Amino acid sequence: MPSVEERDLRQLLVHRMKLVRARTQVKNQLQALAISQGVCRKRKLWSAQGRKELESLALLPWAARRRQELLAWLDRLDAQVGELDRAVEEAGREREEVALLRTHPGVGGVVALAFVLTVGPVERFPNSRKLVSYLGLNPREHSSGGRQRLGAISKQGNTLMRWLLVEAAQTAARFDPELRRTYQRLKMRRSSGVAKVAVARRLAVRLFWMLRTRHHYAQPVRMSGSPSRGVVPPRAGSSV
């Protein structure tokens with residue numbers, strides 16, 4: 001049973017997720033506004049130069065007002081998310097499990113704290129399959145004519161944790177060779193969406209065994225059904 005403090009920290013993480021999603025929607029609207037004027041900068045639109053270019057677009061009165069209010073909203077959301085990020089860092093600072101999980105590339109304070117709070121005592125999961133099912137990252141099975149086919153994930157678990165793992169998996173795949181190969185192979189065979197979920201599932205299993213064995217990312221870990229192996233230390237990169 002989670003403590004009162006842990007339940008309140010979950011509210012912090014849920015609130016942050018809602019604000020980040022709202023910020024993404026605002027950015028998408030501003031991107032669409034810029035594209036309508038022939039400006040396509042993608043992520044560069046959020047640089048200082050991109051912001052200046054966005055503000056200098058010659059727009060009709062109502063479009064200009066929409067731009068102004070969206071930019072003001074974006075600035076407020078940036079400030080609010082930054083405040084919540086600092087609160088997450090503070091909450092995870094004294095937790096050994098959070099520091100352990102953060103040794104994995106792509107896993108920052110938000111993902112690590114959310115995983116620790118979501119999983120709770122790791123011993124309550126007898127194996128990683130139970131955890132994957134708990135998180136809703138397990139693919140549905142369909143049988144027909146004696147053949148078994150795996151479909152979309154069940155999505156029965158924790159929405160916040162599943163969203164964070166998919167986000168973190170995209171960064172982890174850039175720095176971890178094994179995850180990168182998995183992503184590239186599935187992206188070619190299936191789609192980028194399937195690849196992202198598959199990498200998120202593998203990342204969840206890794207984090208589970210890191211907690212279970214108390215091994216950090218660079219140490220060899222024996223996982224159920226897998227040989228003992230060492231993993232190269234992470235390179236510097238962004239994380240959630």
inquiry  = I'd like the Karplus ³J(HN,Hα) series for the stretch 38-52: coefficients 6.51, -1.76, 1.60, θ = phi - 60°, whole numbers in Hz, and an x wherever there's a Gly or Pro.
reply    = x, 10, 10, 10, 6, 5, 5, 5, 9, 7, 4, 5, x, 5, 4
task = Could you tell me which of LEU131, HIS104, LEU57 has its Cα farthest along the dipole of the stretch 1-133 towards the positive end, charges placed at Cβ (Lys, Arg +1; Asp, Glu -1), taken about the Cα centre?
result = LEU57
ask   = Which whole-number percent is the relative contact order of the stretch 4-92 (Cα, under 8 Å, 6+ apart)?
value = 46
ask   = Amide H of GLY108: which non-local residues (sequence gap of 5 or more, or other chain) have their own amide H closer than 5 Å, using H built in the peptide plane?
value = VAL240
key: Neighbourhood charge, 15 Å Cβ-Cβ cut-off, centred on GLN49 and excluding it, Lys, Arg +1 and Asp, Glu -1   = +4
ask   = Using the 10 angstrom Cβ neighbour count as an exposure proxy, how do LEU179, LEU60, LEU9 rank, fewest first?
value = LEU60, LEU9, LEU179
inquiry  = Viscosity 0.890 mPa s, temperature 25 °C: what is the translational diffusion coefficient of the stretch 1-105 from Stokes-Einstein with a Kirkwood Rh over Cα pairs, rounded to a whole number of µm²/s?
reply    = 152
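None of the figures in this text is laboratory data; all of them are computed from the coordinates on show. Note that this is a predicted model, so its numbers are computed, not measured. Cβ sites come from the backbone with ideal geometry, for glycine too, and all protein chains shown count toward neighbours.
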